Amino acid sequence: MQAARAAERPQDGQAVRAGERMADRPTPPTGPDRTGHHRPPRDPNGARGREDAEAAARTAHGGRGQGPARRDGQEQRHSGTSGPRMEQGRGPGDAGLVEGVDGGWRPLLRSDAGRRFPPGQGRHGGQDGGRGSDSRDASGSHRQRGGEAALQEAPLYAALDLGTNNCRLLIAQPTRPGQFRVVDAFSRIVRLGEGLAATGRLSDEAMERSVEALRICAAKLRNRQIRMSRLIATEAARAAENGEAFLERVANETGLTLEIINRETEARLAVSGCSSLVGRETKSVVLFDIGGGSSEIAVIRIGENRSSRLANHITHWTSLPVGVVTLSERHGGRDVTPERFEAMVVEVAGMLSHFESPPVEALTGDDPQSGFHLIGTSGTVTTLAGVHLDLPRYDRRRVDGVWLTDDEVSAMQARLLSWDFAARAANPCIGPDRADLVLAGCAILEAIRRRWPSTRMRVADRGLREGLLTDMMADDGAWRRGRRQGRNGRDDSATTGGAKP
């Protein structure tokens, strides 16, 4: 049965159209659970996770919202001790390909258009007080009512990412070329990979938490007409001995068919989700995603001919079999001394030493205008940014796209290292769910900074879901249809939606 399921699962890079693989799935039960009670959604601020009301706080690929989004434990994707070796490879490089939307390098955030953000200035900077239903376009002017009507008729796309620590869902519709508007979202800490490093298996409790969250995601998907969806699982499912069996259970109990993506695909999706954070003046970037059990790193070099898809400029990539969960379980995450912190850094640096990639001198060259910098898309760097900004509660509008100097990153790491577990847990940008993981993430970040020294780093509160949505919409011609609809007043292209997952 598992072999049949593996054959049925879509290959990496393949999206699932609604109805193609999910229509014959049983409808998840909506009645009482095994105790005879109807189980309501968990408390959004509960210790095991938060349902993130991102639909109210995120639009247009990280744009405007109804206020501060709740912090959603962003970084954990887990691995076992007997899990994968470090994987690395070369991307297509600077092939000069021009494809995707409108043949140009398009920003994916509305707030990017026509604006540049110097070091130290955030993307939103607390100035963007728009609402989730904000109808302003990239220039800040309001769209006409006809544009609103077209937006309401735009098809919906869904992306789900089940990682080691989080279950996340985004449902969005395309707007202007290269942009989309989030209409619904969900995020909950499930700790799927809890104990995986010690046992090599997903525990019953972790699987139950994850299935419960996925039931909520399935209900959200059933309640909307989804044109195309892609539902992925990452390191925990990749590394666990019972990962395939768990996905069988997910399919049977929720009707959702998840695909386990490989590490190269994960690295490319992380890059795709951060395209708008690379300015036109930038020639080279090292982008990293610190997970729970693996950490993906991509070297990006951009020539004169820019592709509309940043992932086409990946020249080297690697996936380290270490993340915040595995590193903290191995070294201890509650009481971290400077000596223990350094030991974690040395361990990760040893893994990075096997990664064959250009030295930082080759990336910066002799051109002071090369714009080389780091981009971090993980809970570690967003936590550092939140602490640096001294936010009373985490606000992704203030954090996403903000610049941190090298000195500021060093100061924030030293500050966190000086705090005990209780102080870290009390900080609103960390909380008890990440207090035992954040210093392990800082150790991975420090190893990356030592390998690729840079005067500045850009923070990205986004990742795989945004990359999934961007790729699906581009591959499906969503923005081309939008242009035709804008010219003709209607959409002349056929759609395949209707079936609900």
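The values are calculated or read from the model by the stated rules, or taken from the named source; none is laboratory data. This structure is a prediction, so every number in the text was calculated from the model and none was measured. Neighbour counts are summed over all protein chains in view; Cβ atoms, including those assigned to glycine, are modelled from backbone coordinates with ideal geometry. Note: accessible area is taken over every heavy atom of the protein model, side chains too, but ligands, DNA and RNA are not part of it. Shrake-Rupley method; radii C 1.70, N 1.55, O 1.52, S 1.80 Å.
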Residues located in the range 413-446, provided they are aliphatic (A, V, I, L, M), under 12 Å from LEU384 (Cα atoms) and surrounded by 21 or more Cβ atoms within 10 Å (Cβ to Cβ)
LEU416, ILE430, VAL438, LEU439, LEU445
Counted residues, the range 396-412 - those being of a type outside the set (Lys, Arg) and buried (at least 23 other Cβ atoms within 10 Å of the Cβ)
6
Among VAL336, VAL348, which is the only one that is of a type in the set (A, V, I, L, M, F, W, C), within 24 Å of the chain's Cα centre (by Cα) and surrounded by 19 or more Cβ atoms within 10 Å (Cβ to Cβ)?
VAL348
Of the residues that make up the range 414-425, is at least one under 27 Å from VAL299 (Cβ atoms), outside any loop (DSSP other than H, G, I, E, B) and aliphatic (A, V, I, L, M)?
no
Could you tell me how many of the residues in the range 366-386 are over 27 Å from LEU269 (Cβ atoms) and either touching a residue at least 40 places away in the same chain (Cβ under 8 Å) or touching a helix residue (DSSP H, G or I) at 6+ places or on another chain (Cβ under 6 Å) (or both)?
2
Filtered residues of the range 226-240 (kept if closer than 16 Å to MET473 by Cβ and open to solvent by 10 Å² or more (accessible area, probe 1.4 Å)):
ARG227, MET228, ARG230
Does VAL325 satisfy being surrounded by 18 or more Cβ atoms within 10 Å (Cβ to Cβ), touching a Ser or Thr at 6+ places or on another chain (Cβ under 7 Å) and under 13 Å from CYS442 (Cα atoms)?
yes
Find the residue count for the range 245-288, including only residues that are farther than 24 Å from THR315 by Cβ and in contact with a strand residue (DSSP E or B) (Cβ under 8 Å, 6 or more places away or on another chain).
6
Please go through the range 301-340 and give me each residue that is touching a Phe, Trp or Tyr at 6+ places or on another chain (Cβ under 9 Å) and of a type in the set (Asp, Glu), ordered by number.
ASP335
State the number of residues belonging to the range 447-494 that are open to solvent by 20 Å² or more (accessible area, probe 1.4 Å) and at pLDDT below 90.
14
Selection count where residues are outside any loop (DSSP other than H, G, I, E, B), within 28 Å of LEU202 (Cβ to Cβ) and of a type outside the set (Lys, Arg), scope the range 313-341
11
Is at least one residue of the range 167-190 within 17 Å of the chain's Cα centre (by Cα), at pLDDT below 95 and farther than 20 Å from GLY467 by Cα?
yes
